[in-house]
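Since the structure comes first, as C-alpha cells, the remarks are kept for the end.
The values are calculated or read from the model by the stated rules, or taken from the named source; none is laboratory data. Note that the structure is predicted; figures quoted are calculated from it, not measured. Cβ atoms come from the backbone with ideal geometry, glycine included; neighbour counts cover every protein chain shown.
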Amino acid sequence: MAALETYLGNDNLHVGDGKGIPISHIDYTKIYIHLRSFTFSNVLHVHAIRKRLLSVQNFCLDNNVYFEFHHFVFYIKDLHTNKVLLSAQSQDVLYALSKSSVTLVPQAYWSPCISASADLWHRQLGYPTSRIFQFLVFKNNIICNNKCLNL
C-alpha cells in the first residue's frame, strides 16, 4: 500500500472497555528518526481515538526490533544485535514514540569493522577492566575474532 485507502472490512478496533470503534482507513508509512527509517504497515485510522496508538507487535515484525519497557523509559533494540536503536521517556503515563520524545542512544564503542582482536579492542577502549570488557563482548557491543585478553 502506497497511500491512505478506505477500509472496506467489517472489523472494529476494540479498546479497554470492550467497545468496538469503526476503522475508517488503512495506511502504510515510514518515519525517519536519527537517519534511520522505521516502517509502519497496516496503520489503522480510527477517528474516535485522539492519541495515535502503536501495535508493538506489528512494529517489531516490520522493523526486526524488540521493545524493552521500564518504569519511565523504553528502548527499541535491534533483534539480531541487541543494540539500542532508540530510547524515549514516558509521557503522561504513556510510552510515546515521537521525534521530540526519542533520543538516539550513542554507541561510543561502535566500529564499522567486522571484528578485531580482543587486545586491539582493549587498547581502543582505554583498557577497561576484564569484567567490563567481557560484558561488552557478551552484549555484542564489540565483535572480537578472539575472546581472550592477553593482560
Give the residue, chosen from 74, 69, that is exposed (fewer than 14 other Cβ atoms within 10 Å of the Cβ) and under 25 Å from residue 135 (Cβ atoms).
-> 69
Within the range 2-29, which residues are among the charged types (D, E, K, R) and either surrounded by 10 or more Cβ atoms within 10 Å (Cβ to Cβ) or under 19 Å from residue 41 (Cα atoms) (or both)?
-> 5, 11, 19, 27
Pairing a residue in the range 47-74 that is over 22 Å from residue 16 (Cα atoms) with any residue that is modelled with pLDDT of 85 or more and assigned to a loop (DSSP other than H, G, I, E, B), where Cβ atoms lie under 6 Å and the two sit 6 or more apart in sequence or on different chains, gives 64/79; 65/79; 66/79
Of the residues in the range 23-46, how many are without any contact (Cβ under 8 Å) to a residue 40 or more places away in the chain and touching a His at 6+ places or on another chain (Cβ under 8 Å)?
-> 6
Of everything in the range 78-100 that's assigned to a loop (DSSP other than H, G, I, E, B) and within 10 Å of residue 33 (Cβ to Cβ), which residue is modelled with the lowest pLDDT?
-> 99
What is the residue count in the range 59-77 for residues that are over 21 Å from residue 29 (Cβ atoms) and either part of a loop (DSSP other than H, G, I, E, B) or out of contact with any Asp or Glu (no Cβ under 9 Å at 6 or more places or on another chain) (or both)?
-> 6
Filter the range 6-33 for residues that are assigned to a strand (DSSP E or B) and over 30 Å from residue 86 (Cα atoms) and give the result.
-> 6, 12, 20, 21, 22
